[in-house]
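**Student:** One structure, as structure tokens, below. Some questions next.
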Ligand code: KIV
């Protein structure tokens, strides 16, 4: 089953294709994007899913947590991404405060995201506590991706970003929540920062695709934050992160080169003027 790439040539990835990938053993590749130019490149590379994550709060806006980002901000990022994408499934994070504890507001927020950005689906964090919101969003025909394990919007409840599901009680709640999300009709589930054995257990206990970030190799897919995997920052360095590029060094190098060229009157040259 290693290295299957059955759905490379589909013209549009849908939630149904993700389910087929899971059933047929093809791993799902997901990355975040928040802007037109990046999304266009990810789509050209044939990424399966683009997540317009609320991690935009961290990597785009510089906030310490994901809590401050607004619905308007997310719609702005999502519509920029949607304008670039032809093939990938575009999923948009519902920001903190737009779906918890009020399913009517949750539906209104999800409708705004879908109508104003043109995205394909929404994602929200939590299990049983948000099941009423999930029901109502699904009732409008909007596909929902769940997110369990480390849920960054609850950082103030937990106080740390350490590995989740390390006690029996937590594992039981995670398994029960995963079942609830599947039964309610979520089309996929992100599992963040949990032991690999638990990632495997959750994946084997449900029939919808699981997509892991720091959840080991057994989930049906993997997701990383684009800026982290491209090495925009050397500071953020969790164990699960594989850096595929050293963008910070390359950008600083290129910018330093440009500055020197300008200072030394080497840019623009004769061919670079009218
Ligand atoms: O906001 C985000 O980027 C996410 C991923 C880490 C899964 O939720």
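**Student:** Between residue 19 and residue 132, 0.36 nm times their residue separation minus their Cα-Cα distance comes to what?
**Tutor:** Between residue 19 and residue 132, full extension yields an extra 38.3 nm.
**Student:** Let's test the formula: R0 of 41 Å, r as the Cβ-Cβ distance of residue 139 and residue 72. What FRET efficiency results, to the nearest 0.05?
**Tutor:** Result of the calculation: an efficiency of 0.95.
**Student:** If you don't mind, another one. Can you work out the FRET efficiency for the pair residue 112 and residue 233, with r the C-beta to C-beta distance and R0 = 41 Å, to the nearest 0.05?
**Tutor:** In this case the efficiency is close to 0.85.
**Student:** Rounded to two decimals, what ratio of Rg to Rh does the chain give with C-alpha atoms and a Kirkwood Rh?
**Tutor:** Checking Rg against Rh, the ratio lands at 1.01.
**Student:** Take the alpha carbon gyration tensor of segment 198-274, find the square roots of its eigenvalues, order them as a ≥ b ≥ c, and report rounded if a/c is under 1.5; if not, report prolate when a/b exceeds b/c, else oblate.
**Tutor:** Because a/c hits 1.5 or more and a/b exceeds b/c, segment 198-274 counts as prolate.
**Student:** Something else: Between residue 204 and residue 258, what length comes free when the chain is fully extended (0.36 nm per residue of separation minus the Cα-Cα distance, one decimal in nm)?
**Tutor:** Values: separation 54, 0.36 × 54 = 19.44 nm, distance 5.23 nm.
Gain on stretching residue 204 to residue 258: 14.2 nm.
**Student:** Compare the peptides 200-210, 27-37, 90-100 by average per-residue count of other Cβ atoms within 10 angstrom and give them in order, highest first. Before the final figure, lay out the partial values.
**Tutor:** On the way: 200-210: 18.8, 27-37: 21.5, 90-100: 23.9.
By packing density, highest mean first, the sequence is 90-100, 27-37, 200-210.
**Student:** Assuming a ≥ b ≥ c are the square roots of the Cα gyration tensor eigenvalues, decide whether segment 43-162 counts as rounded (a/c under 1.5), prolate (otherwise, with a/b larger than b/c) or oblate.
**Tutor:** Oblate.
**Student:** Ignoring everything except DSSP H segments at least 4 long, calculate the 222 nm mean residue ellipticity for the chain; use -39,500 (n - 2.57) per segment, divide by total residues, nearest 500.
**Tutor:** Estimated from H runs of four or more residues: -12000 deg cm²/dmol.
**Student:** Something else now. Just order 240-250, 61-71, 261-271 by mean Cβ neighbour count inside 10 Å, highest at the front, would you? Please report the intermediate quantities before stating the final value.
**Tutor:** Numbers: 240-250: 13.3, 61-71: 15.0, 261-271: 9.4.
Sorting 240-250, 61-71, 261-271 by mean packing, highest first, produces 61-71, 240-250, 261-271.
**Student:** Please list 79-89, 226-236 highest first by mean number of surrounding beta-carbon atoms within 10 Å per residue.
**Tutor:** Descending mean neighbour count gives 79-89, 226-236.
**Student:** P(r) for segment 1-91: what percent of alpha-carbon pairs falls in each 5 Å bin, starting at zero?
**Tutor:** 3, 15, 23, 20, 16, 12, 8, 4, 0
**Student:** I've got another one for you. Per 0.36 nm of contour for each residue apart, how much would the distance between residue 270 and residue 102 grow if the chain were fully extended, relative to their Cα-Cα spacing?
**Tutor:** Contour length minus the Cα-Cα distance gives 54.2 nm.
No lab work stands behind these numbers, since they all come straight from the coordinates. Just so you know, these numbers come straight off a predicted model, no measurement behind them. Because the Cβ atoms are built from the backbone with ideal geometry, glycine has one as well, and the counts that use them run over all protein chains shown.
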